[in-house]
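Enquirer: Before I ask anything, here is the structure I am working with.
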Amino acid sequence: MAFYFHRLDAGLWHSVWKGITRAGQSEWYLVGGLLLFAGLRRRNRRISSTGFLLFSTVAVSGLTADVLKFILGRARPKLFLQQGIYGFDLFGWHLEHAWQSFPSGHSATALSAALSLSLLFPRFRPAFIAAAMLIAASRVVLCQHYLSDVVAGSALGIATFALLYQRYFRTVFDETGTL
């Protein structure tokens with residue numbers, strides 16, 4: 001897949017996918033979640049709690065992804081395409097971006113955010129999930145990650161949401177009649 005998408009790396013195609021991948025940057029959801037939480041804390045507990053859940057799932061999945069990337073040290077497709085380097089350097093403690101491919105942080109962010117936002121807008125759940133999957137796919141199309149990086153990042157985002165929701169947030173939503 002890396003060879004295929006590397007050959008397509010040109011013009012409008014690349015620009016469109018770069019725009020899609022920007023939607024997976026965590027700062028959008030971290031800031032938005034905190035603003036919802038702080039701004040509506042006294043007026044709307046459900047929306048405020050969703051904001052805090054959004055912030056929490058994105059922060060926890062992102063930090064977990066960063067720690068795993070550092071420990072696992074997987075070479076990004078760029079190293080494979082330029083130098084033929086492929087695989088993991090377990091406990092290699094690489095700080096270089098080129099060695100921090102697994103798992104995909106954008107995918108973790110996209111899935112955890114989509115699931116969190118689905119609580120606030122349940123009828124848009126399919127659109128949120130589709131957008132998250134598109135963001136995850138953009139990482140492969142842009143040769144930033146391998147498919148397995150994206151699958152692992154997506155699973156991390158889903159697991160983080162499920163864990164935090166079940167452990168800390170479910171009672172809030174049960175009380176408000178949602179989910």
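The values are calculated or read from the model by the stated rules, or taken from the named source; none is laboratory data. Please read these numbers as outputs of a predicted model, since none were measured by experiment. Cβ sites come from the backbone with ideal geometry, for glycine too, and all protein chains shown count toward neighbours.
Enquirer: Any idea how many residues of segment 102-127 are surrounded by fewer than 21 Cβ atoms within 10 Å (Cβ to Cβ) and in contact with a Ser or Thr (Cβ under 6 Å, 6 or more places away or on another chain)?
Expert: Our first condition is that a residue be surrounded by fewer than 21 Cβ atoms within 10 Å (Cβ to Cβ); within segment 102-127, this holds for 118, 120-127.
Filter once more, keeping what is in contact with a Ser or Thr (Cβ under 6 Å, 6 or more places away or on another chain): 120, 125.
Total meeting the criteria: 2.
Enquirer: Quick check, is Thr64 modelled with pLDDT of 95 or more, within 30 Å of Leu164 (Cα to Cα) and part of a helix (DSSP H, G or I)?
Expert: Numbers: modelled with pLDDT of 95 or more: yes; within 30 Å of Leu164 (Cα to Cα): yes; part of a helix (DSSP H, G or I): yes.
It is true that Thr64 is modelled with pLDDT of 95 or more, within 30 Å of Leu164 (Cα to Cα) and part of a helix (DSSP H, G or I).
Enquirer: List the residue pairs whose Cβ atoms are under 6 Å apart, where the first residue sits in segment 35-49 and is within 20 Å of Ser118 (Cβ to Cβ), the second is buried (at least 18 other Cβ atoms within 10 Å of the Cβ) and of a type in the set (Val, Ile, Thr), and the two are 6 or more positions apart or on different chains.
Expert: Once the first residue is within 20 Å of Ser118 (Cβ to Cβ) and sits in segment 35-49, its partners that are buried (at least 18 other Cβ atoms within 10 Å of the Cβ) and of a type in the set (Val, Ile, Thr) give Ser49/Val172.
Enquirer: Scan segment 31-48 and give yes if some residue there is more than 23 Å from Ala155 (Cβ to Cβ), among the hydroxyl-bearing types (Ser, Thr, Tyr) and over 20 Å from the mean Cα position of the chain (by Cα), otherwise no. It would help to see each step written out before you state the result.
Expert: Taking segment 31-48 first, the residues more than 23 Å from Ala155 (Cβ to Cβ) are 31-32, 34-48.
So of that shortlist, the ones also among the hydroxyl-bearing types (Ser, Thr, Tyr) come out as 48.
If we keep only those that are over 20 Å from the mean Cα position of the chain (by Cα) too, we end up with 48.
Yes; the residues of segment 31-48 include at least one that is more than 23 Å from Ala155 (Cβ to Cβ), among the hydroxyl-bearing types (Ser, Thr, Tyr) and over 20 Å from the mean Cα position of the chain (by Cα).
Enquirer: What are the residues in segment 132-151 that are in a helix (DSSP H, G or I) and either of a type in the set (Val, Ile, Thr) or crowded, with 21+ Cβ neighbours inside 10 Å (or both), if any?
Expert: Passing the criteria: Ala132, Ile135, Ala136, Ser138, Arg139, Val140, Val141, Asp149, Val150, Val151.
Enquirer: Kindly establish whether Gly87 is within 21 Å of Ala155 (Cα to Cα), more than 19 Å from the chain's Cα centre (by Cα) and among the small types (Gly, Ala, Ser). Please lay out each step first, then the result.
Expert: Numbers: within 21 Å of Ala155 (Cα to Cα): yes; more than 19 Å from the chain's Cα centre (by Cα): yes; among the small types (Gly, Ala, Ser): yes.
Judged against the criteria, Gly87 is a match.
Enquirer: Another question about this same structure. Which residue pairs have Cβ atoms closer than 8 Å, lie 6 or more positions apart in sequence or on different chains, and pair a first residue in segment 93-120 that is in contact (Cβ under 8 Å) with a residue 12 or more places away in the chain and of a type in the set (Phe, Trp, Tyr) with a second residue that is in a loop (DSSP other than H, G, I, E, B) and surrounded by fewer than 20 Cβ atoms within 10 Å (Cβ to Cβ)?
Expert: These pairs meet every condition: Trp99/Asp89; Trp99/Gly92.
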